[in-house]
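Trainee: Pasting a structure below so you can have a look.
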Amino acid sequence: MLHSNPGPTNEVGVIAGRYDQPLRFEFEGKTLSSEAIDLEGNPLASGDTWTGPHPGIPYVLTAGGDDIRYTIQPQPNVEKDVKLSKMIGPDAARAVAAKIRSVKGFAGGRFYVNEFRTIFAPIQEGREWRYVYAGQLDLAAWFTEPHAARGLSPV
């Protein structure tokens, strides 16, 4: 599908279509991908080093490691935390959070979910940071999709 749409300044934006295949790149004999695979193309296990790219939607594992949240800005200068426990219930949220807590620990902190529903998180080891794979997200036990018109998105 090719579609042309003039923007507000009469610039033309072109949408060439949708590409649904995973992007994989060869670099120095290794495979780079946002999938849950290592540089050799082998599947990752929870706790393995995440060598994939780091783009993803940020979320926060709450302190204590029993809930997940993100922040929205429904209007200027107003922020609101959206908690998974309010969406799916506290027991179900605790079960989902346990997957992330197994690599982040009870202190909680930021983690990311990418386009493959892959969960990865930065872990501090001494003075260094390492990204760790934390598993795959099950959308049946996750936040409902925010309404784009209200500007609700994870930050």
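Trainee: When the residues of region 101-123 are filtered to those that are more than 10 Å from the chain's Cα centre (by Cα) and closer than 18 Å to THR51 by Cβ, which remaining residue is surrounded by the most Cβ atoms within 10 Å (Cβ to Cβ)?
Mentor: Per the stated criteria, the residue is VAL103.
Trainee: Starting from region 129-140, keep only residues that are without any contact (Cβ under 8 Å) to a residue 60 or more places away in the chain, then list their pairs with residues that are assigned to a loop (DSSP other than H, G, I, E, B) and basic (Lys, Arg) whose Cβ atoms are within a distance under 7 Å, requiring at least 6 positions of separation or different chains.
Mentor: LEU137/ARG117; LEU139/ARG117
Trainee: Return yes when ALA107 is farther than 30 Å from PHE25 by Cβ and part of a helix (DSSP H, G or I) and no when it is not.
Mentor: Against the criterion (farther than 30 Å from PHE25 by Cβ and part of a helix (DSSP H, G or I)), ALA107 does not qualify.
Trainee: Take the residues in region 17-35 that are out of contact with any Lys or Arg (no Cβ under 8 Å at 6 or more places or on another chain) and closer than 14 Å to ARG117 by Cβ; name whichever of them is surrounded by the fewest Cβ atoms within 10 Å (Cβ to Cβ). Walk me through how you get there before you give the answer.
Mentor: In the first step, residues of region 17-35 are kept if they are out of contact with any Lys or Arg (no Cβ under 8 Å at 6 or more places or on another chain); the result is 17-30, 34.
From what is left, the residues that are closer than 14 Å to ARG117 by Cβ are 22, 34.
Values: PRO22: 11, SER34: 18.
Checking each candidate, the answer is PRO22.
Trainee: Within region 124-140, can you find the residues that are assigned to a strand (DSSP E or B) and more than 15 Å from ASP48 (Cβ to Cβ)?
Mentor: Within region 124-140, the first condition is being assigned to a strand (DSSP E or B), and the residues that meet it are 124-125, 128-136.
Residues satisfying the conditions are GLN124, GLU128, TRP129.
Trainee: Could I ask something else about it? Could you tell me whether region 76-86 includes any residue that is modelled with pLDDT under 95, exposed (fewer than 10 other Cβ atoms within 10 Å of the Cβ), farther than 18 Å from VAL132 by Cβ and of a type outside the set (A, V, I, L, M, F, W, C)?
Mentor: yes
Trainee: Tell me which residues, restricted to region 67-86, are under 20 Å from GLY56 (Cβ atoms) and of a type in the set (A, V, I, L, M). Don't jump to the end; show me each part of the working.
Mentor: Restricting attention to region 67-86, the residues satisfying the condition of being under 20 Å from GLY56 (Cβ atoms) are 67-73, 81-84.
Across region 67-86, the qualifying residues are ILE68, ILE72, VAL82, LEU84.
Trainee: Something else: Taking LEU137 as the residue in question, decide whether it is at pLDDT below 90, surrounded by 14 or more Cβ atoms within 10 Å (Cβ to Cβ) and touching a strand residue (DSSP E or B) at 6+ places or on another chain (Cβ under 7 Å). Walk me through it before giving the result.
Mentor: On the way: at pLDDT below 90: no; surrounded by 14 or more Cβ atoms within 10 Å (Cβ to Cβ): yes; touching a strand residue (DSSP E or B) at 6+ places or on another chain (Cβ under 7 Å): yes.
No: the conditions fail for LEU137.
Trainee: Inside region 78-100, can you point out the residues that are of a type in the set (D, E, K, R) and farther than 25 Å from ASP48 by Cα?
Mentor: Step one: list which residues in region 78-100 are of a type in the set (D, E, K, R), which gives 79-81, 83, 86, 91, 94, 99.
Result: GLU79, LYS80, ASP81, LYS83, LYS86, ASP91.
The values are calculated or read from the model by the stated rules, or taken from the named source; none is laboratory data. As the structure is a computational prediction, the values presented were derived from the model and not from experiment. Cβ coordinates were reconstructed from backbone atoms using ideal geometry, including for glycine residues, and neighbour counts include every protein chain displayed.
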